[in-house]
Amino acid sequence: MKTETGITNTVKSYFSQHTIQDIIETIGKIKTDTLLDWLAYKKIKPEKTLIIGAYLTGAMIANKFKKYNVTIVDKHPHLKCLIDTKVTFKKPEAIRGSWDLVVDTTGIGGIKPEKLKIKTKTFIVESPISDASDTIIKNHDETKKRIKAVKAPVKGILYTSGLNTKTSGTMTLTIEVLRRSLEEILKADGVLYASSQLRFYERILFKEKDCEKFKESLKENAIIASSLKKIDCDMPIKGNLRRIKSEIKEV
């Protein structure tokens, strides 16, 4: 564990070993493993896969499937830097065609149902609404419309929850893991304050369009705590990550 002295030697700063990237990757792994386990259970072995959406979840699924014939499409060409070189990256127009598996990860405001002119054996849509507690967000969810728009023998919705967040986006869950972990650390005896180096990462990626800066910023330690006694900043992060669960429900 990395530590530094504070203003005086009496107070020390304790850093989590977890970086922002570690948290994002763990959440992505939960979602990706759920998909892989479900495919194995259904005995589905796709030889031609399409991922719609190259942001965090889509990128991690595509990278996990890189040993297969996988194509990912996104309207933001600079997101290609998130994708393994073995994965084919194309513009959204490339969705037209025939696929064994299609996974839509575009979420709120993503691909319109009428744009889903595809043929596939299996179609999965990632639900963006988590516990569906926010009526306005729920009303913007087009998951079921997308499901209905595609005729496929097997269809399912990927749900992720566990932290009572308003959405199940990977970045939303990452921020909530950090928020909850900070709250736990601040309650510990001897802690003066705790902080996360969290930035508004999506602005770096989608407004500045600086993918390398985005990736570099994720390498920072997730939490730093100033304390009079030793504090483990990773324990609450691990605990909150364990609460996140994903499942696929067939429709």
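Could you please let me know if residue 231 is among the aliphatic types (A, V, I, L, M), touching a Cys at 6+ places or on another chain (Cβ under 6 Å) and assigned by the TED database to the domain that holds residue 171? Considered against the rule, which asks whether it is among the aliphatic types (A, V, I, L, M), touching a Cys at 6+ places or on another chain (Cβ under 6 Å) and assigned by the TED database to the domain that holds residue 171, residue 231 comes out as no.
Out of the stretch 115-131, which residues are surrounded by fewer than 16 Cβ atoms within 10 Å (Cβ to Cβ) and either aromatic (Phe, Trp, Tyr) or assigned to a loop (DSSP other than H, G, I, E, B) (or both)? Of everything in the stretch 115-131, those that are surrounded by fewer than 16 Cβ atoms within 10 Å (Cβ to Cβ) and either aromatic (Phe, Trp, Tyr) or assigned to a loop (DSSP other than H, G, I, E, B) (or both) turn out to be 117, 131. Of the residues making up the stretch 148-171, those that are over 19 Å from residue 34 (Cα atoms), outside any loop (DSSP other than H, G, I, E, B) and out of contact with any helix residue (DSSP H, G or I) (no Cβ under 6 Å at 6 or more places or on another chain) number 1. Could you check the stretch 24-45 and list, in sequence order, the residues that are among the basic types (Lys, Arg) and open to solvent by less than 10 Å² (accessible area, probe 1.4 Å)? Scanning the stretch 24-45 gives a single hit, 31.
Taken together, 222, 188 contain a single residue that is over 16 Å from residue 26 (Cβ atoms), touching a strand residue (DSSP E or B) at 6+ places or on another chain (Cβ under 8 Å), among the small types (Gly, Ala, Ser) and in contact (Cβ under 8 Å) with a residue 24 or more places away in the chain, which is 188.
For the stretch 193-207, the criterion of being closer than 30 Å to residue 43 by Cβ, open to solvent by 20 Å² or more (accessible area, probe 1.4 Å) and under 19 Å from the mean Cα position of the chain (by Cα) is satisfied by no residue at all.
Within the stretch 76-105, the set of residues being surrounded by 20 or more Cβ atoms within 10 Å (Cβ to Cβ), in a helix (DSSP H, G or I) and in contact with a helix residue (DSSP H, G or I) (Cβ under 6 Å, 6 or more places away or on another chain) comprises 82 only. Taking the criterion of being surrounded by fewer than 19 Cβ atoms within 10 Å (Cβ to Cβ) and within 16 Å of residue 245 (Cβ to Cβ), no residue of the stretch 136-156 qualifies. Restricting attention to the stretch 50-70, the residues being part of a strand (DSSP E or B) and either open to solvent by 10 Å² or more (accessible area, probe 1.4 Å) or within 11 Å of residue 104 (Cα to Cα) (or both) number 3. The residue list 168, 130, 217 contains one member that is under 23 Å from residue 2 (Cα atoms) and of a type outside the set (D, E, K, R), which is 217.
The values are calculated or read from the model by the stated rules, or taken from the named source; none is laboratory data. Source: prediction; values computed, not measured. Glycine gets a Cβ as well: all are built from the backbone with ideal geometry, and neighbour counts include every protein chain shown. With ligands, DNA and RNA removed, areas are computed over all heavy atoms of the protein, side chains included. Shrake-Rupley method; radii C 1.70, N 1.55, O 1.52, S 1.80 Å.
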